[in-house]
Structure formats: C-alpha cells, structure tokens
C-alpha cells in the first residue's frame, strides 16, 4: 500500500476514534458545520477560532461579510472542530495546509485559549502544517501554546503602519508587535513579518522603516500581501490618510457596496521586495509560501509556483496515483507524473472537480484531468 493511500486510511482511523470519543450532539454539531465540507484553496483551509473581531481595523473586510465587532469563541469544541475537519473530503492528514486567523484575531482575550487548543488538538490528530496570522503581542504563554501544537508553525505578525494608529485603533502597538515577534523568533518559533495589506499612501511610505525595525528585532522573512476594498473600506481609508485616488486607479473592478475588490499592487510589492532583499530578508509572495517553506515542502499546487525550490519534490510515481485512484473508486485510462503536475485521463463521465482538488492537495502538484 502506498503512502498516499496510507494517509487516507489513517484519516479513517482518526474519524473512527473521534466518533467513539464524541457524543451524538457533538457529532451533529461538527458534521453540520462548514468546516466539514468547505473546499480549501491550494493555500489551505482556513480554520475559524472565533466569530467577530474587536480590533475594527479600517481595512478589514470581515465587517462587510456580516461579522460583528464583538468577539466570541467559535461554537465548536476542539475535538468537534477536529472531527469536522476529518469529515471534510478535502482535508488530508499531513498535507492540507491549515491557516488560523483569517476572519478574526486568534489571540484576543476571548479566543486565545480556544485558538491554542484548536491548534494543538488538530495537529495532534491530523498533523496539518500549521500557520497563524496575528496582530497580538506574542507573549511567552502564547508562544509556548503555539509550540505545543505544530513545532514548525509558521507565525505571521501583521504590521502595515507604525505611525498611523487610527488605521488599527484597537490593535496592539505595532512596535510592541515587532519586538515580541523578534523575541518569539529567538525562542525558536518561525516568525515572519506580515505586510498585508499594503495600503497606498501609508504602508508604502513606511515600508523601509517597518522593515528596518523588523530586521533590528531579528526577523528574517516577510510576507507581502494585497489590499481588497469595499465602499465602506474606501471611506475609512480616505478618512485616515490613505491615497484613495491611487487606490481607485488600481481597482480591478467597479466598487459595489460590500463586494470585495482587489487592488493591483504588483509594482508596490516589487519595490518593497527590493528593499527587503537588500536588508537580507527572505521575501514570500503569499502566506502559503511561508507555510510551505517553514515546513520544508516543495509546492507546485498553483500557477505561482513552484515554491521552495531549495528542496526536492516529494517522490511520487504513477503507480502511487494509480493506487490512490483505485482506492477512491475512480476509473482511469492513464496517469502521468512530473515534479510539478499530475495528469490523469479518466474513463467515461465522472466528477472531476472534487478529484482534481484532492489530487492537488495530496501531491502538492497541479492535477490536470481529461476524459477519454
């Protein structure tokens, strides 16, 4: 039996053990939750540790999605969340990237204990490569809590401005964030500066200063990220000193109420990347690239890759994929494997989208399907 099939069998074992551990009410709560069925992007599955966020950062889009400014822990217990993820057909042990902090601050007073419990429990059962993004101060307790789960967790500490506190009115002082990030890095955590979103007129103006402070603190890597805006976010940013005229010129589509519109920032990223590389930073284009790098993986799941080419791709033979297809009950005509792709010709009419995602997540290669 090949390693890929072993991972799916291991997942069955985890499900069986959790089913014995949980009562019917817990199993129903988990199986009804969107974590049990939501399809990850190649960058991973986002795991919600809370509902709402009290930081009310001016650029944050969660309030346009209906999330409140008051925070409460996510309703699933750690074992229930683990069970929900184990039920998800797209979650593959040791493979699917796990991202915490996408729709709330994971280390708020209301959510920190649960977030650390989630990270510890999910890693114990499923061994998902872990990443967490935060604006919190990385205290010794938080750092130890992170390490008690995945010891190679990729920790992203967000800093997009030093001086303009109105942009992040309730978040901790960014200088303290950088200081604590450096201390956590020296204590053994894999910490990167997270410069997302890059806000024209604010982040680009302060980028060199932010990078200098991060370098002085001992950080070695950064992640650059784009900005998405809605009508409400544009009003906020204009009020707090962003170059809204520049933002409007860079819109990828018309502003429509609460719809999130991406801003073209490739030239800003190139400029900041050059400054960062001159200072000796490793620069990641995306958060998932930082996660892949931290966990020593080679990844070619999307057209931005391959990422982390300093390591070799996991050796996978056509026979490994054939065994997995047979395990999954998929009829196929041929399989071709390269370092960056899996090409499968399927027999007859079969559901392709789901299989494509599963093969991509299982192999860290782009899966390309066709039908005979």
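Rounded to the nearest 500, what is the 222 nm mean residue ellipticity of the chain from helices alone, with -39500 (n - 2.57) per DSSP H run of 4+ residues and division by all residues?
Working: 13 runs with 146 residues, N = 372.
So the helix-based figure for the chain works out to -12000 deg cm²/dmol.
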(request) Mind telling me which of 151, 169, 254 comes out most flexible in a GNM of the chain, alpha-carbon contacts under 10 Å? (result) 254
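Sort the range 56-190 into rounded, prolate or oblate with this rule: let a ≥ b ≥ c be the square roots of the eigenvalues of the Cα gyration tensor; rounded if a/c is under 1.5, and if a/c is not under 1.5, prolate when a/b is larger than b/c, oblate otherwise.
Taking the square roots of the gyration eigenvalues as a ≥ b ≥ c, the range 56-190 is oblate.
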(message) If you fit an axis through the alpha-carbon atoms of helix 353-363 and take the longest principal axis of the Cα set of the chain, what angle between them do you get, 0 to 90°, nearest 10?
(response) 80
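Taking only the alpha-carbon atoms of the range 255-356, what semi-axes of the equivalent ellipsoid follow from 5 times the gyration tensor eigenvalues under a square root, in whole Å, largest first?
Details: eigenvalues 252, 94, 20 Å².
Those come to 36, 22, 10 Å.
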(request) Give me the distance between the Cα centres of the range 10-37 and the range 128-205, rounded to whole Å. (result) 32
(message) Give me the Å³ per residue figure for the convex hull around the C-alpha atoms of the chain.
(response) 146
(request) Would you work out if the range 318-371 is rounded, prolate or oblate? Take a ≥ b ≥ c from the square roots of the eigenvalues of the alpha-carbon gyration tensor; rounded if a/c is under 1.5, else prolate when a/b is larger than b/c, oblate otherwise. (result) rounded
(request) Take the alpha-carbon centre of the range 303-342, take the same for the range 249-283, and report the distance between them in whole Å. (result) 33
(message) Using only the alpha-carbon atoms, how far is helix 112-126 inclined from the longest principal axis of the chain? Give it as 0 to 90 degrees, nearest 10.
(response) 30
(message) Please compute the modelled spin-label separation between residue 285 and residue 267, points set 7 Å along Cα→Cβ, answer in nm with one decimal.
(response) 1.9
(request) Could you check which residue among 310, 88, 291 shows the biggest mean-square fluctuation in a GNM of the chain with a 10 Å Cα cutoff? (result) 310
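What is the Cα radius of gyration of the range 241-310 over 2.2 N^0.38 Å, N being its residue count?
Values: Rg = 15.7 Å, N = 70, 2.2 N^0.38 = 11.1 Å.
That works out to 1.42 for the range 241-310.
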(request) Give the Kirkwood hydrodynamic radius (Å, one decimal) of the range 1-71, defined as one over the mean of 1/r across all pairs of different Cα atoms. (result) 15.4
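Counting each pair of different Cα atoms once, what's the Kirkwood radius of the range 37-128 in Å, rounded to one decimal? Before the final figure, lay out the partial values.
Numbers: mean 1/r = 0.0739 Å⁻¹.
Computed over Cα pairs of the range 37-128, the Kirkwood hydrodynamic radius comes out at 13.5 Å.
Note down, for the range 133-184, the three equivalent ellipsoid semi-axes (square root of 5 times each alpha carbon gyration tensor eigenvalue), biggest first, whole angstrom.
Values: eigenvalues 103, 19, 16 Å².
So the equivalent ellipsoid measures 23, 10, 9 Å along its semi-axes.
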(request) Can you tell me the 0 to 90 degree angle between the C-alpha axis of helix 318-327 and the longest principal axis of the chain, rounded to 10? (result) 80
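Rule-based calculations on the coordinates, nothing more; no lab input. What you see is a predicted model; the values in this text were computed from it and never measured. Note: ideal-geometry Cβ built from the backbone for every residue, glycine included; neighbour counts use all protein chains shown.
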